[in-house]
Amino acid sequence: MSIFSRFAWDHGYYSPDIDITWTGIVGPNVAARGVDGPDPMHGPAVLDPGGNGTVPAFSNTGTWADETDIRPTMLSLVGLEDDYQTDGRVITQVLSSVPRALRGTENLGACYKQLNGGVGEFATNTLLAESAALASGTSSDDSKYANTEKLLSTLSKLRDPLAQQIKTTLSKAAFDQVAPGPVAPIQLLACRLVVLGSKTIAPH
């Protein structure tokens, strides 16, 4: 982002052909799996050039990862750590040998992406709900908007602390070698329920 007194430019928009891109990871302990995702002819830029679809709808093939995941993955691969609580997680799907404490956390990590990712299911569903709410109502009836705002506030209060708990769990597993134990399935269930809750308010 570049800002000065007469100009502000922000590269960003919700559109699958912009938000879905690629990264390449190679090196020791990286599994040689080739392309993990759709080939160029089956990506959103070709299938949905108008940008009318959603990112989750075009992300059913391959491993979902965000930019925030690259840093913890690199740190894990080179055996380094620091005291920064990342918003990402180690992309265990690209590792040829997953550290013991991280084994079995793939489902939790995948749900965390849908819960906390900027274009994940939760974010997409709430964006759709908010957009529909803003377009609803009349000069005498704004009830749909008011009700949607209440639901969004409730979902936010559920999502925020849960996302913090999950990323702490995944970070401890990755860098402190503390296996999640019985907390992982509990957090996974809660994660799935909150994501499902966001679907119920999104227009279909």
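The values are calculated or read from the model by the stated rules, or taken from the named source; none is laboratory data. Quick caveat: nothing in here was measured; it's all calculated off a predicted structure. Neighbour counts are summed over all protein chains in view; Cβ atoms, including those assigned to glycine, are modelled from backbone coordinates with ideal geometry. In case anyone asks, the SASA skips ligands and DNA or RNA and just uses the protein heavy atoms, side chains included. Shrake-Rupley method; radii C 1.70, N 1.55, O 1.52, S 1.80 Å.
Derived scalar couplings between HN and Hα for the stretch 183-193 equal 6, 4, x, 5, 5, 5, 4, 4, 4, 5, 5 Hz in order, rounded to whole Hz, by the Karplus curve 6.51 cos²θ - 1.76 cosθ + 1.60 (θ = phi - 60°), x for Gly and Pro. Here the relative contact order of the chain, from alpha carbon pairs under 8 Å that lie six or more residues apart, stands at 21 percent.
Can you compute the charge dipole magnitude of the stretch 33-82 about its Cα centre, using +1 on each Lys and Arg Cβ and -1 on each Asp and Glu Cβ, nothing else charged? Give it in debye, rounded to the nearest 20. Could you put the intermediate results ahead of the total?
Values: 2 positive and 8 negative charges, 33 e Å.
The dipole magnitude comes to about 160 debye.
Net charge of the neighbourhood of residue 156, taken over other residues with C-beta under 12 Å away and scored Lys/Arg +1, Asp/Glu -1, is 0.
This model, with +1 at the C-beta of Lys and Arg and -1 at the C-beta of Asp and Glu, gives the chain a dipole about its Cα centre of some 540 debye.
How much length would be gained if the chain were fully extended between residue 183 and residue 33, taking 0.36 nm per residue of separation minus their Cα-Cα distance, in nm to one decimal?
Working: separation 150, 0.36 × 150 = 54.00 nm, distance 3.08 nm.
Gain on extension, residue 183 to residue 33, equals 50.9 nm.
Look at the dipole of the stretch 1-155 built from charges on Cβ: of 145, 13, 105, the Cα furthest out on the positive end belongs to 105. Each of 183, 126, 202 was scored by the projection of its Cα onto the charge dipole of the chain, and the greatest displacement toward the positive side belongs to 183; charges sit on the C-beta of Lys, Arg, Asp and Glu.
By its C-alpha gyration tensor, with a ≥ b ≥ c as the square roots of the eigenvalues, how is the stretch 110-185 shaped: rounded for a/c under 1.5, else prolate for a/b larger than b/c, else oblate?
Prolate, since a/c reaches 1.5 and a/b exceeds b/c.
Shown for the chain: the carbon plus sulfur share of the solvent-accessible area, taken with all protein chains present and a 1.4 angstrom probe, equals 57%. Amide H contacts of residue 95 (H built 1.01 Å from N, in plane; Pro and chain starts excluded): 31 sit under 5 Å, all sequence-distant by 5 or more or on other chains.
Go through 167/199; 172/199; 144/172 and tell me which ones have a Cα-Cα distance over 32 Å in this structure.
Beyond 32 Å between Cα atoms: 144/172.
What number, in percent, do you get for the relative contact order of the stretch 111-193 if the mean sequence gap of Cα pairs under 8 Å and at least 6 apart is divided by its residue count? Once normalised by length, the contact order is 29 percent. Electrostatic tally near residue 47: other residues with Cβ closer than 13 Å to its Cβ, Lys and Arg +1, Asp and Glu -1, net -3.
Considering only 88, 25, 171, and ranking their Cα positions along the charge dipole of the chain that arises from unit charges at the beta-carbon of Lys, Arg, Asp and Glu, the one farthest toward the positive end is 171. Summed over qualifying helices (DSSP H, 4 residues or more, each -39500 (n - 2.57)) and divided by its residue number, the chain shows a 222 nm mean residue ellipticity of -15500 deg cm²/dmol. Annotation: peptides 54-66, 31-43, ranked by per-residue average of other Cβ atoms within 10 Å with the highest first, follow the order 54-66, 31-43. A value for volume of the Cα convex hull per residue in Å³ was derived from the coordinates, and within the list (i) 167; (ii) 127; (iii) 187 it appears as (i). Measuring only protein heavy atoms, the 1.4 Å probe finds residue 201 accessible over about 40 Å².
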